[in-house]
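Worksheet: the structure to be examined is printed underneath.
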Amino acid sequence: MWYLCVFYHRLLDYRKPEFESLADLFGAFGDKRSSDFNTQDKVLQWRLPKHHHPDSPFHFVHLPYEDVARKFANRSILVKGIYELWGEGNDFEELEEAVKSYPDERKLPYLEYESTFKITVDSFGKVLSLQEQNERIQGLSYIPFKGRVNLKNPDHNFWLMETDENETNNGLPPVVKRRIFFGREIGVADRKLIPMYQLKTRNYLGPTAMDAEMAFLMANQAQAAPGKLVYDPFVGTGSILVSAAHFGAMTMGADIDIRVVRDGRGPDCNVWSNFKQYGLPMPIGLLRADNNLPPWRPGLKEVFDGIICDPPYGVRAGGRKSGGRKLLKGIVSPYTVPDDKRADHIPSTAAYTLVECVHDLLDLAARMLVMGGRLVFFYPVLREDGSVETHFPEHPCFKLVATSEQMLSSRYSRVLLTMVKTSLYTEELALAARIKHLEFRENHLKWLENGNLHSSVFSPADAESGDSKVSKESKLKYRGKYV
């Protein structure tokens, strides 16, 4: 059945990927454990209302049944609501004709004497006064509501939504003609999560703590759910794991800085206190571990259901790996820390380029994820001279299922990559992945070799060049900070 899906007008590239990940999680594509999991095409059917731009918040989506639609709406961060559409039109006369022609067997069960209802008027692109809203509600008198109005706790919610006419880019997606929708609410998003988990109220924060909204989106992309184990190899202050724990997943994290995972800023201000602050289950473990030298014993495979992380790609913080400059250059020999100094010892580290980091992350995920498990991580994209790097890391064990870009400046953006494990990890595939990595490094990652991303992003050179202006205007600009 076709439903009207209304998105929030923000993070436009993230809307459909999040929805489709939840569709897979809640079984809209059938059983993911079926024998044809690797080859099954998992694509939702979408279509736009008449005269609407692809960036419009209004979309029609085909879903198998109402319960699935309700689960999507209640779990999603970017879906404002999902509705059973009773009618649509370019004006109220056309809307009335559409609603009257909608099958009675679909309408009458929600118009009974015993039921209560509420009608909400909403608009996109303009503000309606209270008087205008009341006039629109009165204009729906042709619908035979028999029950009582209940504004606080109705049995059924109905929505009248309309768009403004704006053919030019006035900060919103262009609409050639006004469109009016009327439908029954199936489910709406719980946006109370965002202010409740916002970073400014977080007990323990670091310079790279993930924004709450983005962390929940990443958890949805990874399909965090009860009974699943989610791992973050660059856990930091635990922002991503907090979102996964909220959705019921078991969590586990690691970081190379022992001061972050062990000490924090004291016994009441550390990673553990962030989970305690929200009443969430504690992580099953936080490790001091190096992504370049993983701590797992040989032969250990397929432990995690999801790996979610924000790798250190050198803009706000650079990556580190074990060793130290003198040790890696052979100036000093490997040493053993005496037992009496181990409690306070902080291991020396060396620079860890994104080239190494991405390869190690893919190898870790290929080895440690279960079949069908998801790897979700951010990858930087640098725009130089108007060109855009569109080649992403690959691995024989994974299929790239979603890419969502967020522009952070005119020269730099980050892309959220979602990969699904489709092949078992073998030494042959590991070797093939290593060859593919070397080819990728040679052809597409030269600008990341020496940790020069920070200087490339923040360099003022060519900031106002003509090519840079072209790249800025290549994508429509909308109102809002995170659109």
Residue in segment 387-446 that is modelled with the highest pLDDT, counting only those that are of a type in the set (Val, Ile, Thr) and over 21 Å from Phe19 (Cβ atoms) | Thr422
State which residue is most open to solvent (accessible area, probe 1.4 Å) when the search covers only segment 87-133 and only residues that are without any contact (Cβ under 8 Å) to a residue 12 or more places away in the chain and over 27 Å from Ser56 (Cα atoms).
-> Glu105
Mind listing whichever residues of segment 205-217 are touching a helix residue (DSSP H, G or I) at 6+ places or on another chain (Cβ under 8 Å) and assigned to a loop (DSSP other than H, G, I, E, B)?
-> Leu205, Gly206, Ala209, Met210, Asp211
Taking segment 71-104 as the region of interest, how many residues are assigned to a helix (DSSP H, G or I) and within 33 Å of the chain's Cα centre (by Cα)?
-> 5
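Listed here are the residues, each with its yes/no results for (1) of a type in the set (Phe, Trp, Tyr); (2) buried (at least 24 other Cβ atoms within 10 Å of the Cβ); (3) more than 15 Å from Leu375 (Cβ to Cβ).
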residue: Ala219; (1), (2), (3): no, yes, no
residue: Phe234; (1), (2), (3): yes, no, no
residue: Asp263; (1), (2), (3): no, no, yes
residue: Leu287; (1), (2), (3): no, no, yes
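Any residue at all in segment 253-263 that's without any contact (Cβ under 8 Å) to a residue 60 or more places away in the chain, out of contact with any helix residue (DSSP H, G or I) (no Cβ under 8 Å at 6 or more places or on another chain) and assigned to a loop (DSSP other than H, G, I, E, B)?
no
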Just one of Val470, Val381 is outside any loop (DSSP other than H, G, I, E, B) and at pLDDT below 70; which is it?
-> Val470
Which one is least open to solvent (accessible area, probe 1.4 Å) among residues in segment 27-56 that are at pLDDT 90 or above and closer than 20 Å to Gln221 by Cα?
-> Trp46
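Results for (1) assigned to a loop (DSSP other than H, G, I, E, B); (2) of a type outside the set (A, V, I, L, M, F, W, C), shown as yes or no for each residue.
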position	(1), (2)
Ile186	no, no
Asn203	yes, yes
Ala219	no, no
Pro226	yes, yes
Tyr231	no, yes
Arg265	yes, yes
Lys276	no, yes
Leu286	no, no
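The values are calculated or read from the model by the stated rules, or taken from the named source; none is laboratory data. If you're wondering where the values come from, they're calculated on a predicted model, not measured in any experiment. Neighbour counts run over all protein chains shown; Cβ positions are idealised from the backbone, glycine included. Remember, those area values only see protein heavy atoms, side chains included, never the ligands or the DNA or RNA. Shrake-Rupley method; radii C 1.70, N 1.55, O 1.52, S 1.80 Å.
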